[in-house]
Amino acid sequence: MRGLGLSRELWTVQVGILLNTLGYGAVLPFEIIYLHNARGFSLSVAGLVVATITGTAVVAGPLSGPLVDRFGARITAVAAGLLLAAGYAALAFAQTPELAFAGAAVAGVGNGALNPSQSALIATLSLADRRHRATAVSRVATNAGFGLGGALGGVVAATGLQGFVGLFLLNAATYLIYICILAAVVRESPRPAPVAGGYRVVLRDGAFVHLAVANLAMIAVGWGVFSWLIPVFARNNLGISERLIGLLLLANAFTVVVAQVPIARLAEGHRRVLWMALAGSIFAVACVLVVVAQVSPAKAFGILVVSAILVGIGECFHTTALSPLVADLAPTAVRGRYMAAIGFSWWVGLTIAPAVGGGLVSAAPAALFIGSAVVAIAAGVALLALEHRLPVAIRLTPRPT
């Protein structure tokens, strides 16, 4: 990690990201399992509760963009962390669907605001020709947190209801630690003068809209299917234990930790859209392997490990290009809105996966995962078609000077 040219303040933010994603990683793969197996909700209701988190984030994300542009990314991220802590603490004690939906809605508002504010903060604190490296480090921190959290979650979740409650409370506590770091350490530069037009500026940017739509499909497959549907499929269709599901998440996260920075360096001087299109192809192969795992039960866990590793590599390719490209497309005064808009596409994709796939994962899993592979390929083709709409100066990942 040395020699990346990042500021000490930016490294401090990355430590905060590591801590808050450790807690989130401990609960994310087990949200549906917790609600269904421990609280007794049906799979459809459990899927809808999780979809409420992402669905609320879809609404909250765009609303947070103007707050980032007006008050700054740090203050918005602190407010988002408080909402996330409250929402997941409520979910820890949600004995009825009504309480679960309420906690999910609060957490969803926080999730919707955290991603764009955090992305804008990283873009602001890093030099333009090093944003892809700063993004890579944040991905390493995120996945290290997810991996450690997923492994911890797999062990604790196996203890039953009390273990699940402890995991959700741990997640709430890590968000509180994160906002303390932001409040105590990070200082932002003064905000630039506002630009007239608000989101109209974003929507008039045809290249950005194209990117956001393709990203929605990529996220639904690369993140949504792997984070929520494969764990449920592995547990209920293949009989794989919670401990082993945690190891699947660890394999995915470890892959990103090891590969993200080297892939970011390798991308320097190369076409951004090609990197993202390759991610779609890798996601497609990973989805096909899940179907193979169902056909070969004796080798199912090993096949799913390979699939998890491939998803991690695909994530590295996609994120190396995505966030820095958005930051380069955005005028500085409306960067918060651009980050919120791309966050909107993330949350729509993440909402589609559990909402649509929650029922299919048990009724027609082969159709679900083959269909996901087709979507990933189509998204990659759409990203290749984006290149001619991008300004020539930002088509390649820059080489730092």
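Only the coordinates and a few stated rules stand behind these numbers; no lab work does. Bear in mind the structure is a predicted one, so any value in this text is a computation, not a measurement. Please note: Cβ atoms are built from the backbone with ideal geometry, for glycine as well, and neighbour counts cover all protein chains shown.
Side notes on the structure shown:
- Prolate/oblate/rounded call for region 150-288, Cα gyration tensor, a/c under 1.5 rounded: oblate
- Dividing the summed -39500 (n - 2.57) terms of all DSSP H runs of n ≥ 4 by the residue count of the chain sets its mean residue ellipticity at 222 nm at -26500 deg cm²/dmol.
- Residue among Pro354, Pro391, Pro262 with the largest mean-square fluctuation in a Gaussian network model of the chain, springs linking Cα atoms under 10 Å: Pro391
- The chain: most fluctuating residue of Leu244, Leu211, Leu83 per GNM, C-alpha cutoff 10 Å: Leu244
- Footprinting exposure proxy for Arg399, Arg131, Arg271 (fewest neighbouring C-beta atoms within 10 Å first): Arg399, Arg271, Arg131
- Region 264-401 shape via C-alpha gyration tensor axes, a/c threshold 1.5: prolate
- Tensor-based shape of region 77-181 (alpha-carbon gyration tensor, a/c under 1.5 rounded, otherwise prolate or oblate): oblate
- Highest-MSF residue in the chain out of Leu329, Leu28, Leu203 [GNM, Cα springs under 10 Å]: Leu203
- Per-residue Karplus couplings for region 78-84, computed as 6.51 cos²θ - 1.76 cosθ + 1.60 with θ equal to phi - 60°, are listed in order as 4, 4, 5, x, 5, 5, 5 Hz, Gly and Pro entered as x.
- Hydrodynamic analysis of region 1-144 uses the Kirkwood radius over alpha carbon pairs. Inserted into Stokes-Einstein at 37 °C and 0.692 mPa s, it gives a translational diffusion coefficient of 205 µm²/s.
- Zero-based 5 Å bins, Cα pair distances in region 8-59, whole percents: 5, 18, 18, 17, 16, 11, 7, 5, 3, 0
- Efficiency of FRET from Cβ geometry, Tyr199 and Val392, R₀ 41 Å, rounded to 0.05: 0.95
- Arranged from fewest to most other beta-carbon atoms within 10 Å of their beta carbon, Arg70, Arg337 become Arg70, Arg337.
- Cβ-based exposure ranking for His36, His270, His318, in which fewest neighbours within 10 Å come first: His270, His36, His318
- Solvent-free Debye calculation, one equal scatterer per alpha-carbon of region 342-384: log10 I(q)/I(0) at 0.15, 0.28, 0.33 Å⁻¹ equals -0.44, -1.01, -1.06.
- Based on Cα contacts under 8 Å between residues 6+ apart, the chain shows a relative contact order of 28 percent.
- Judged by the mean number of other Cβ atoms found within 10 Å, the most tightly packed of the peptides 120-129, 288-297 leads the ranking 120-129, 288-297.
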